[in-house]
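*Asks:* This is the structure I have questions about; it appears just below.
The values are calculated or read from the model by the stated rules, or taken from the named source; none is laboratory data. Every value quoted in this text rests on a predicted model; they were computed, and no experiment measured them. Cβ placement follows ideal geometry from the backbone for every residue including glycine, while neighbour counts extend to all protein chains displayed. Side chains are part of the model used for accessible areas, which takes the heavy atoms of the whole protein and leaves out ligands, DNA and RNA. Shrake-Rupley method; radii C 1.70, N 1.55, O 1.52, S 1.80 Å.
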Amino acid sequence: AVAATPNQHIAAIIAAAFYALWNLFSGFIIPRTRIPVWWRWYYWACPVAWTLYGLVTSQYGDIEDRLLDTNVTVKQYLDDYFGFEHDFLGVVAAVIVGFTVLSYLSLPFPLRHLTSKGDKSSSSSKMKKWFCSMYRLLDSIDSPAMRR
């Protein structure tokens, strides 16, 4: 994010926004079974949710020991509370690999678009100009005149 923004401060702000949304909809703070139906699409599109699903299910999804306070097995608790099923583990692994391949393959397209043959400026300076213009736009929206 630092290479695509004018400075590390803006990169930290952008990264923090992505991390906050990913953590909110990952199923760790709010389990998938309790996320409202109209927001569940973001749960399924969140790479952190798939990673959490895979980690928890692979480590605890096949344990048949009973919990002391509810007398429910660990496997059943994960299915009831989080919606994690151990049989879905192969799909989870495929989706995580898919996210990795997709992010790897999608990187060259914006870079090629930002670097045109007739333009002498580098791709990083174009990206910095774009982020600076977006920052100025957002700053103008947050002006005192807009708060009235």
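*Asks:* Quick check for you: with a 1.4 Å probe and neighbouring chains kept, what is the accessible area per residue of the stretch 20-115, in Å²? Write out the running numbers ahead of the final one.
*Replies:* Values: 6630 Å² over 96 residues.
For the stretch 20-115, the solvent-accessible area averages 69 Å² per residue.
*Asks:* Calculate the dipole size of the stretch 1-79 relative to its Cα centre from +1 charges on Lys and Arg beta carbons and -1 charges on Asp and Glu beta carbons; express the result in debye to the nearest 20. Before the final figure, lay out each step's value.
*Replies:* Details: 5 positive and 5 negative charges, 60 e Å.
Taking the Cα centre of the stretch 1-79 as origin, the dipole is about 280 debye.
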